[in-house]
Structure formats: structure tokens, C-alpha cells
Amino acid sequence: MKQYDYLIVGCGLFGSVVAEQMTKKGKSCLVIDKRGHIGGNVYTNTVNGITVHQYGAHIFHTNDKRVWKYINSFAEFNRYTNSPIANYKGRLYNLPFNMNTFYQMWGAITQEDVRKIIELQKKMANIEEPSNLEEQAISLVGKDIYETLIKGYTEKQWGRKATELPPSIIKRIPVRFVFDNNYFNDNYQGIPIGGYTPIIERMLIDCDVMLNTDYFEKKDCFDNMAARIIYTGEIDRYFNYCYGRLEYRSLKFDTTLLNGVENYQGNAVVNYTDAEVPYTRIIEHKHFEFGNQRDTVITIEYPQSFAKGGEPYYPVNDEHNNTLYEKYRMLAQQEERVDFGGRLAEYKYYNMDEVVQRALDFSHKFI
């Protein structure tokens, strides 16, 4: 049986960056994954010359120059700027919330007009200190925008009423009082030309990789093959759910090739914000790379509850789950040969740049 310095469970972005860093320093790595492909949720493939984001849109953005330089060492990135559109019952609005949105909603043309409207709607809602997502949203952008562009989308996404969600969730959404449809504030942004899979391939080039491999089916065997284990999967599963299961939200992706359709919706991402539409957004992949192919590929995203055997996408970081995670984290700290890292092992929602940053910092502890 071949012996390795490191067994890395999961070849998503975190595991792949760690593997690349380890092998660059001369360490031997075996990387295993239960899926049949590398890359985890950033996996991309090609359909009729169009790069398809298999698990939803992944736009790389960061303010960290070190992270941007690192990720660009594996691929050339284009100048894609994320400017999604919101569709509410057939009416279109610009995102993120900015002066274009406020004009479309109220006809307001100055930030003073907008601030007056928001303040009035906040006052009418009698909100002093927001205690849930609904109150936080109304405080930020007023009741009209909340009910049109936030409420239905958010409740579909999380499977809960907005009044049952913590206010912290909505704080991630940018609000601007200028005419600017760029969703992200970061200095660096783009899509790797040709997709993310070639990046992961280059990261793993000096590793041994086993796909369609469930770590837990032969855990003892795999543990004996390496001096240390780096685990990137669900932390509660590692400990056999001894304290109970952590909650996640999941997604279903319905991807379709539209032959002979050059342009389906005119934008890479269109969000559907009314509650009656069962999906949250439609992605048209060719627009990520400014494609001019004769066909197009779209993906419709349906939010759904997470069940055993499904894919966990979003941790439900409410008080109950965070308390439960802390119990698992304390168990993880007692493991002598196992280290835990990444979204699932840390039970946190990270953007891609944060995953890379944490993986680089994590690796430097060992090399």
C-alpha cells in the first residue's frame, strides 16, 4: 500500500489549493472525492463550445492582491463584471440596489430623494433596531424594494419566512447611491477563460487523485495511507452526527442546451424575485465569456431543502446550528492527525477568494 504525507478528502477549491501547496513543497498527496469529477462546486464543462458552470454561477472577485495573483497563475481571467437583473412579475430591475434600481422603482433621480423615501418607509414600519431579515431589509432599502426584490427571493432561497431569518444575512447585499450596476465592490473580478476545471487540473497535476470514492466506506484503510488527513467534507458527518445533523439548504439545477438560440435572456444572471415562480434565477452561461456561439445553454436554479444523499450548499447559520457546530469544532480540535478546512468542515459560507485565502494560510502552517 502506497504511503503519502497527506490524504486530502475532497478536491473542491479548498482541498485543491492545499494539495497544490503541499506538492509544490515536495510533499506527497492523495486526493479523494465522492463525486466523479474534480473541482467540487466550481466544476465546469464544455457544451457546444460554451463553458457551463455545472453548479451555478461562480464569479471570482477579491480585494486581496495575493489571492488574485495566485489564482491568475493557473489561468487567464476575462473582464466579466457581475451585473445581474431582477425579474419581478415581468418587470425588470437592475442589481445591486443602486440609483438605477431606485429610478426604476420610484422615478427618483437624486440620492436625497431616495434617502427620504427609504427613511419614510422605515419610519412607517416602526423599526428602530432590526431583529430579523425583514426589518433589516426595510431599514436598508425601504418596504417597496423589500417586497418586490427581496422577500420572495429570500424566502424561496432559505425555505423560511423572512421574519424567521437573522438580519445578518441581508447585510451582505450592497446598496449604492450612485448609478453603478457592478454587484461587487472588489478591485479584482473576472471569469477564468475556459472555466475552472483547467485550474483545478493544474493544481492537482502532481497529486494522485481518486474519484467516485467515499472516504467513509474505507475510512480505516485511507487513514492508514497517510501521515496526516485534511478533511474538507461535512464536519457532522465526520463525527457520525453524534450531536445531531447540521442544517443546510440545497439546490437543484436544470440545465438545457437550446440549439439555434443565440441569445436567451441577454444577461448571464437573471433573478426571479416573486414568490410564485419556483426558481430563484436563470443563468445563461455564454455571457460569462461574451460568447457568440449559435446555440446557448441555460441553467434554472431551484432552491430546496437538504436531505440525506443530496448536496449541501448553504449552511443555515442560525443560533441553533452555530451552537451545534461549536460542539463539533471542539471535537475536531481533539483530533491528532486530522485537520478540518473549507466551507463544509467549518460550516461557514465563504466566497471563492476567501476559500483560496484560507487554504493558502492553512497550508503555510505545515510547510
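The values are calculated or read from the model by the stated rules, or taken from the named source; none is laboratory data. Please read these numbers as outputs of a predicted model, since none were measured by experiment. Reconstructed Cβ throughout: ideal geometry from the backbone, glycine too, with neighbour counts over all protein chains shown. Side chains included, ligands, DNA and RNA excluded: accessible areas come from the protein's heavy atoms. Shrake-Rupley method; radii C 1.70, N 1.55, O 1.52, S 1.80 Å.
Bridging of Lys327 to lysines at a Cα separation below 18 Å is possible for Lys348, once same-chain residues fewer than 8 apart are set aside.
List the aspartates and glutamates whose alpha-carbon lies under 14 Å from that of Lys34, not counting same-chain residues fewer than 8 positions away? Candidates past the 8-residue exclusion: Asp214, Glu217, Glu234, Glu311. Shape index of the chain: Rg/Rh, with Rg the Cα radius of gyration and Rh the Kirkwood radius from the inverse mean 1/r over Cα pairs, equals 0.99.
Applying 1/(1 + (r/R0)^6) with r as the Cβ-Cβ distance of Tyr302 and Lys2 and R0 = 35 angstrom yields a FRET efficiency of 0.25. Diagonalising the gyration tensor over the Cα atoms of the range 199-276 and scaling each eigenvalue by 5 before taking the square root yields semi-axes of 38, 23, 11 Å, largest first. Rounded to the nearest 0.05, the FRET efficiency derived from the C-beta distance between Met210 and Thr255 at R0 = 35 Å is 0.85.
Each of Glu276, Glu301, Glu336 has its accessible area taken with a 1.4 Å probe; listed largest first, they run Glu336, Glu276, Glu301. Accessible surface area normalised per residue over the chain is 47 Å², counting heavy atoms of protein chains with a 1.4 Å rolling probe.
Using 28 Å as the Cα-Cα cut-off, could you pick out the over-long pairs in Lys25/Lys171; Lys27/Lys219; Lys2/Lys69? Violating the 28 Å Cα-Cα cut-off are Lys25/Lys171; Lys2/Lys69. Simple point charges give the picture: +1 on the Cβ of Lys and Arg, -1 on the Cβ of Asp and Glu, and for the range 9-103 a dipole about the Cα centre of about 140 debye. Of the whole protein surface, Arg343 contributes about 70 Å² of accessible area at a 1.4 Å probe radius. Expressed as a whole percent, the accessible surface of the chain that belongs to carbon and sulfur atoms is 46, based on a 1.4 Å probe.
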